[in-house]
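This report concerns only the one structure given below.
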Amino acid sequence: MPDSSTSHYPAAPKVEPVARHTLAVTVDNEPGVLARIAGMFSGRGYNIESLTVSETEHASHVSRITIVTSGTAHVIEQIKSQLERLVPVHGVRDLTIEGEAIERELALVKVAGKGEHRVEALRLAAAFGARTLDATLTSFVFELTGTTDEIDRFIAMMTVVGLVEVSRTGIAAMSRGAEGM
Amino acid sequence: MLEEMTGAEMVVRALKDQGVEHVFGYPGGAVLPIYDALFHQEDLRHILVRHEQGAAHAAEGYARSTGKVGCLLVTSGPGATNVVTGLTDALLDSVPIVCITGQVPTHLIGSDAFQECDTVGITRHCTKHNYLVKTVADLPRVLHEAFHVARTGRPGPVVVDIPKDVQFARGTYARPRDNQHKTYRPRLKGDLGKIKAALALMAQARKPVFYTGGGVINSGRHAAMLLRELVHLTGFPITSTLMGLGAFPASDAQWLGMLGMHGSYEANLAMHDCDVMVCVGARFDDRITGRLDAFSPNSRKIHIDIDPSSINKNVKVEIGILGDCGHVLEDMVRLWRETASRADKSALAAWWRTIEDWRAKKSFSYRNSTEIIKPQYAVERLYAAVKDRNHYITTEVGQHQMWAAQFFHFQEPNRWMTSGGLGTMGYGLPAAIGVQVAHPDALVIDIAGEASILMNMQEMSTAIQHRAPVKVFILNNEYMGMVRQWQELLHGGRYAESYTAALPDFVKLAEAYGAHGIRCCDPGKLDEAIAEMIAAPGPVILDCVVSKEENCFPMIPSGKAHNEMLLGETAEDIGGVIDEKGKALV
Ligand SMILES: Cc1cc2nc3c(=O)[nH]c(=O)nc-3n(C[C@H](O)[C@H](O)[C@H](O)COP(=O)(O)OP(=O)(O)OC[C@H]3O[C@@H](n4cnc5c(N)ncnc54)[C@H](O)[C@@H]3O)c2cc1C
Ligand SMILES: Cc1ncc(C[n+]2csc(CCOP(=O)(O)OP(=O)(O)O)c2C)c(N)n1
Ligand SMILES: [Mg+2]
C-alpha cells in the first residue's frame with residue numbers, strides 16, 4: 001500500500017459505511033418527471049434498488065415516487081438535495097431516518113409442475129399467506145404482499161418447486177404515526 | 001387582460017413582457033411562424049448568428065454582462081442539437097438563458113419526422129429545466145415560468161420546445177399575475193441563527209479568509225457592494241474563483257488575487273493555512289480544492305450558497321447557510337455592525353504579515369523579453385490601455401484565459417465573461433458579440449487563443465452584420481498552449497496533435513469578413529497595435545504573435561495540495577512531480 005501522504009489521489013475510497021435508504025418523493029405529475037428523476041440518478045452515478053411511481057392525488061396532479069437507494073451518509077444527503085432542486089419536486093422525505101417506516105411489496109409468482117412439487121407449492125403458498133390468483137392442472141399464479149425479504153424468501157422457495165416467472169411492484173413505503181407528508 | 005393571438009405571437013409577446021429587447025437566433029422550418037411574428041414588430045431585435053452555438057454563447061454574454069436573462073431562438077433538429085454545448089456551458093456556470101426551440105407538429109412527434117429530435121430528452125441533462133408545450137393553452141404560463149426558473153435561485157438555462165402546430169394555434173394570452181410556483185421556491189433569506197453563529201466564528205478567527213465566487217455575480221451588483229463592505233469592516237483578506245472576478249476590486253489592498261490551479265501563491269496558501277474560511281457563492285470546484293484530503297485542513301468553514309446541493313458536496317463545512325448571498329451578506333453586515341464585532345486585531349495583523357511575505361514571492365512574475373512578445377506582457381499592456389475606458393472582457397479557453405485572469409485586473413462585477421465550468425473553446429467571440437449588443441458603446445474585447453478562436457470564427461460575420469465592434473485579441477502561440485503545457489509536464493514533451501498547424505492568416509481572414517486585421521510581433525510596437533485596435537470603429541482581429549513555449553504559472557499539479565504549488569522559476573523540476581496517479585486526474 002502506498003503511503004497516503006505520497007499519493008496524489010484524495011484519500012478517496014475511504015471505506016465509509018453504506019446504508020440503504022427509502023425516500024418518498026412527491027412530484028408534480030407532468031410528462032417526463034420520471035425521466036428527470038431516473039436520469040438524475042444515472043447521470044450522477046447513484047444507485048436505484050427499487051423505484052415505484054403512481055399518481056396519488058388525481059385532482060392536484062401529484063404523484064408519489066418511492067425510491068430505495070444506497071450510499072454513504074454523504075451520498076444520501078447529496079441525493080436528497082439533488083432531488084429537491086428538480087423543479088417539479090414538491091418534497092423529499094427520508095423514511096429511513098424518520099424511524100422504521102412501513103415497507104411493502106407485491107409480487108406475482110408463476111410456478112409450474114406436477115405431483116409432489118405441485119402439492120409443495122400450494123403448501124408453501126399457504127404458509128406465506130399468498131393468494132392463488134390462477135390455477136391450471138400444471139400451474140399456479142400466486143400473489144404475495146410483504147416485505148422485500150419475505151418476497152425474496154418466497155421466491156427462493158418457489159425456485160425449488162418450479163418457478164416460471166416473477167413480477168414485482170417494487171417498494172411502497174410510508175412513515176408510521178399520524179403525521180403525513 | 002386577455003387577448004387572442006397565435007402561439008407564435010404569444011412567444012413574441014411574452015418575451016416583450018419579460019423585458020427582452022434582443023433575441024439571438026437562427027431560423028428554420030419549425031420556427032417559421034415565430035419568425036413571421038418577429039417580422040411584424042419592431043420592439044424585439046433579432047440578432048442573426050452564424051451557428052446556433054454562437055447564439056447560446058451570445059445570450060450568455062448578454063446575460064452575464066447585464067444580470068438579465070439572455071434569450072435565443074432556434075429551429076428543431078440540428079438547430080436544437082447545435083445549442084447543446086451552449087446550454088451545458090450555461091448550466092455549469094449558472095448563467096440565466098431561455099432557449100426557444102421549434103419542434104415538429106405534435107402529431108408527428110415520435111415518427112422520426114424531418115428535423116425531429118427529442119429536444120427535451122437531449123437537453124434534460126444540460127438545462128436547469130425544460131418544457132415541451134403540447135397545447136397553446138399552456139404556452140403563456142410556460143413561457144413566463146421559463147424566465148422565472150432561469151432567473152431565480154441558482155440561475156441556469158431553460159429550454160421551451162414548441163411544436164409548429166402550437167405556434168399556429170390560436171389561444172388567449174394573459175401574463176400570469178403571480179409567479180408563485182407550485183413546487184419551485186428557492187430560498188432567499190438565510191437562517192438568522194446560522195448567520196449569527198457564522199459571525200461569532202468570524203469574530204474569533206485569527207487567520208480568516210474570504211473565498212468568493214460566481215454566486216456573488218449571480219446575486220447582482222448589490223451583493224458585490226455588500227461583500228466589499230463586509231470585507232472592509234472585518235479587515236479579512238479575500239480571494240475569488242475565476243467566476244467571481246470583479247465582485248471585489250483587484251486594486252484593493254485586501255485582495256489576494258484569484259485562487260486555484262493557476263491562482264496566486266498568497267491566495268492558495270491563505271486558503272491552506274486559514275483557521276476560518278468564509279465561502280460566499282463558490283462551489284469548492286476541483287480546480288480550487290486540489291487534493292481534497294489536504295484542502296485547508298485546519299479551518300472551520302462557513303458556506304453561503306443558494307443551492308442546497310452545493311453545500312457539503314465536495315467539502316464538509318461547519319456552517320452551511322442556505323440563501324441568496326445578497327440577502328445573507330446584508331444580514332451579516334448589519335449584525336457585524338450592531339454587535340460591534342471585531343476580529344482579534346493583533347492576530348489579524350500577524351496573519352497579514354504572513355500573507356505579505358507570501359505576496360513578496362510575486363508568483364505571477366515572468367521573464368519579459370525585448371525580442372518577442374510574452375503573452376503575460378501582452379495582457380498587461382492591454383489592461384493598461386483599456387483600464388480607464390468602459391470595457392468588458394471575454395475569453396476563449398486555454399493559457400490565454402488564465403493569463404487574462406491573472407494580469408487583467410477587474411474592478412467591477414459583470415465585466416468578465418469566461419467559460420469556467422465547461423471550459424468551452426469558442427465561447428469568447430460569440431459571448432463578446434452578446435456583450436456588445438447589450439452595451440453598444442462599450443469597448444468589448446475577446447482575449448483569445450489562435451486555436452479556440454477558430455471554433456466559432458464564423459461569428460465574425462455576425463459582428464459585421466450587426467455592427468458590433470468587438471475586438472479579438474489573439475495571443476497566438478501556434479499551440480493549443482494549455483494542452484502543450486500538460487504534455488510537457490505530464491507526457492514527456494510528446495506534443496501529440498497540439499501544434500496548431502495550417503493556421504489561417506488572421507489579418508487576411510479579418511479582411512475577408514470585412515473587419516480590420518492587425519498583426520504584431522514586436523514588443524516595441526505592441527502599444528501602437530493595441531491603440532490601433534481600440535481606435536478602429538468596427539470589429540478588429542489583432543493577431544498578437546507571442547512566444548510559443550511559455551507556461552502558465554503558478555500551477556497546482558493535479559491531485560496536489562495548495563501548499564505544493566509549482567512556481568515559474570521551478571518550472572524545470574516539474575517533470576518528476578506528478579506521479580502516475582496524478583496523471584489520471586485532469
Ligand atoms: C483551463 C481552465 C483553468 C481553470 N483554472 C481555474 C483556477 O485556477 N482557479 C479558479 O478559480 N477557477 C479555474 N477554472 C474555473 C473552474 O473550472 C470553475 O469554473 C470555477 O472555479 C467555479 O467557480 P465558482 O466556485 O465561483 O462557481 P460557479 O460555477 O460560479 O458557481 C456559483 C456557486 O454559487 C452559487 N450561487 C449562485 N447564485 C447564488 C446566489 N444568488 N447566492 C448564493 N449562492 C449562489 C451556486 O449554487 C454555486 O454553488 C478554470 C477553468 C478552465 C477552463
Ligand atoms: C471545445 C473544446 N475542445 C477541447 C478542449 C481542450 N482544450 C483546453 S485548452 C485547449 C487549447 C486551447 O488552445 P488556444 O486557444 O490556442 O489557447 P492557448 O492555450 O494556446 O492560450 C484545448 C484543446 C476544450 N477546452 N474545449
Ligand atoms: Mg494557442
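The values are calculated or read from the model by the stated rules, or taken from the named source; none is laboratory data. None of the values given here were measured: they were computed from a predicted structure. Quick reminder, even Gly has a Cβ in these numbers, built from the backbone with ideal geometry, and neighbours come from all protein chains shown. These accessible areas exclude ligands, DNA and RNA; they are computed on the full protein's heavy atoms, side chains included. Shrake-Rupley method; radii C 1.70, N 1.55, O 1.52, S 1.80 Å.
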Just to check your reading of the model, which residue among A:E98, A:E57 is within 14 Å of chain B (Cβ to nearest Cβ) and open to solvent by 30 Å² or more (accessible area, probe 1.4 Å)? A:E57
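Among the residues of segment B:249-269, which ones are under 20 Å from B:H303 (Cβ atoms) and in contact with a helix residue (DSSP H, G or I) (Cβ under 6 Å, 6 or more places away or on another chain)? Don't jump to the end; show me each part of the working.
Residues of segment B:249-269 that are under 20 Å from B:H303 (Cβ atoms), as a first pass: B:256, B:258-260, B:263, B:267-268.
Residues satisfying the conditions are B:L256, B:M258, B:L259, B:G260, B:N268.
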Evaluation of B:M455 against (1) within 12 Å of ligand 1 (Cβ to nearest atom); (2) free of Cβ contacts under 8 Å to residues at least 60 places away in the same chain; (3) open to solvent by 10 Å² or more (accessible area, probe 1.4 Å); (4) of a type in the set (A, V, I, L, M) (one fails), failing number: (1)
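To keep it simple, each residue is scored yes or no on (1) more than 13 Å from the chain's Cα centre (by Cα); (2) within 12 Å of ligand 1 (Cβ to nearest atom).
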position: B:F407; (1), (2): yes, no
position: B:N414; (1), (2): no, no
position: B:M425; (1), (2): no, yes
position: B:L429; (1), (2): yes, no
position: B:A432; (1), (2): no, no
position: B:A438; (1), (2): yes, no
position: B:I447; (1), (2): yes, no
position: B:E450; (1), (2): yes, no
From the list A:I151, A:I79, exactly one residue is within 14 Å of chain B (Cβ to nearest Cβ), within 19 Å of the chain's Cα centre (by Cα) and either at positive phi or not in a loop (DSSP other than H, G, I, E, B) (or both). Which is it? A:I79
So, A:L106, is that one in contact (Cβ under 8 Å) with a residue 60 or more places away in the chain and part of a strand (DSSP E or B) or not? yes
Residue that is more than 21 Å from B:L227 (Cβ to Cβ), free of Cβ contacts under 8 Å to residues at least 60 places away in the same chain and within 16 Å of ligand 3 (Cβ to nearest atom), where the choices are B:M425, B:M402: B:M425
Let me spell it out: the conditions are (1) more than 30 Å from A:T56 (Cβ to Cβ); (2) surrounded by 15 or more Cβ atoms within 10 Å (Cβ to Cβ), and A:T136 meets all of them except one. Which number is the exception? (2)
Only residues that are within 14 Å of another protein chain (Cβ to nearest Cβ), among the basic types (K, R) and not in a loop (DSSP other than H, G, I, E, B): list them for segment B:138-172, please. B:R141, B:R151
Test of understanding: among B:G493, B:G449, which residue is open to solvent by 10 Å² or more (accessible area, probe 1.4 Å) and not aliphatic (A, V, I, L, M)? B:G493
Listed by first then second residue, the pairs whose first member lies in segment B:1-16 and is closer than 15 Å to B:H144 by Cα, whose partner is open to solvent by less than 10 Å² (accessible area, probe 1.4 Å) and among the hydroxyl-bearing types (S, T, Y), with beta carbons under 7 Å and at least 6 positions apart or on separate chains, are B:M10/B:Y173; B:R13/B:Y173
Hey, could you check segment A:31-54 for residues that are open to solvent by less than 70 Å² (accessible area, probe 1.4 Å) and within 9 Å of chain B (Cβ to nearest Cβ) and say which is nearest to B:Y184 (Cα to Cα)? A:R36
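Given the criteria within 9 Å of ligand 1 (Cβ to nearest atom), assigned to a loop (DSSP other than H, G, I, E, B) and either within 14 Å of another protein chain (Cβ to nearest Cβ) or hydrophobic (A, V, I, L, M, F, W, C) (or both), does B:S296 qualify? Don't jump to the end; show me each part of the working.
Values: within 9 Å of ligand 1 (Cβ to nearest atom): no; assigned to a loop (DSSP other than H, G, I, E, B): yes; either within 14 Å of another protein chain (Cβ to nearest Cβ) or hydrophobic (A, V, I, L, M, F, W, C) (or both): yes.
So B:S296 fails the test.
Listed residues B:H262, B:H303; which is touching a strand residue (DSSP E or B) at 6+ places or on another chain (Cβ under 8 Å) and within 14 Å of another protein chain (Cβ to nearest Cβ)? Break it down into steps so the answer makes sense when it comes.
On the way: B:H262 fails: within 14 Å of another protein chain (Cβ to nearest Cβ).
Result: B:H303 is the single residue among B:H262, B:H303 that is touching a strand residue (DSSP E or B) at 6+ places or on another chain (Cβ under 8 Å) and within 14 Å of another protein chain (Cβ to nearest Cβ).
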Pair list, Cβ < 9 Å and 6+ apart or interchain, from segment B:471-495 residues that are within 14 Å of chain A (Cβ to nearest Cβ) to residues that are more than 13 Å from ligand 3 (Cβ to nearest atom) and assigned to a strand (DSSP E or B): B:L489/B:M555; B:L489/B:L566
Against the definition (open to solvent by less than 50 Å² (accessible area, probe 1.4 Å), touching a His at 6+ places or on another chain (Cβ under 8 Å) and small (G, A, S)), how does B:S310 come out, yes or no? yes
Starting from residues that are farther than 15 Å from B:A442 by Cβ and open to solvent by 10 Å² or more (accessible area, probe 1.4 Å), keep the ones in segment B:408-423 and report whichever is farthest from ligand 2 (Cβ to nearest atom). B:H409
Selection count, segment B:19-69, where residues are touching a Phe, Trp or Tyr at 6+ places or on another chain (Cβ under 9 Å) and among the acidic types (D, E): 2
Step by step: first the residues of segment B:123-137, then only those that are open to solvent by 40 Å² or more (accessible area, probe 1.4 Å) and either of a type in the set (G, A, S) or not in a loop (DSSP other than H, G, I, E, B) (or both), then the one that is farthest from the other protein chains (Cβ to nearest Cβ). Which residue is that? B:A137
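Specify which of the listed residues (B:A203, B:A224) is more than 14 Å from chain A (Cβ to nearest Cβ), away from ligand 3 (no atom under 16 Å from the Cβ), more than 23 Å from B:L92 (Cβ to Cβ) and in contact (Cβ under 8 Å) with a residue 60 or more places away in the chain. Give the derivation first.
On the way: B:A224 fails: more than 23 Å from B:L92 (Cβ to Cβ).
Result of the check over B:A203, B:A224: B:A203.
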Restrict the check to segment A:114-137 and report whether at least one residue is hydroxyl-bearing (S, T, Y), more than 14 Å from chain B (Cβ to nearest Cβ) and more than 27 Å from A:V25 (Cα to Cα). yes
Filtering segment A:101-129 for residues that are more than 18 Å from A:T147 (Cβ to Cβ), open to solvent by 20 Å² or more (accessible area, probe 1.4 Å) and of a type in the set (V, I, T) leaves a count of 1
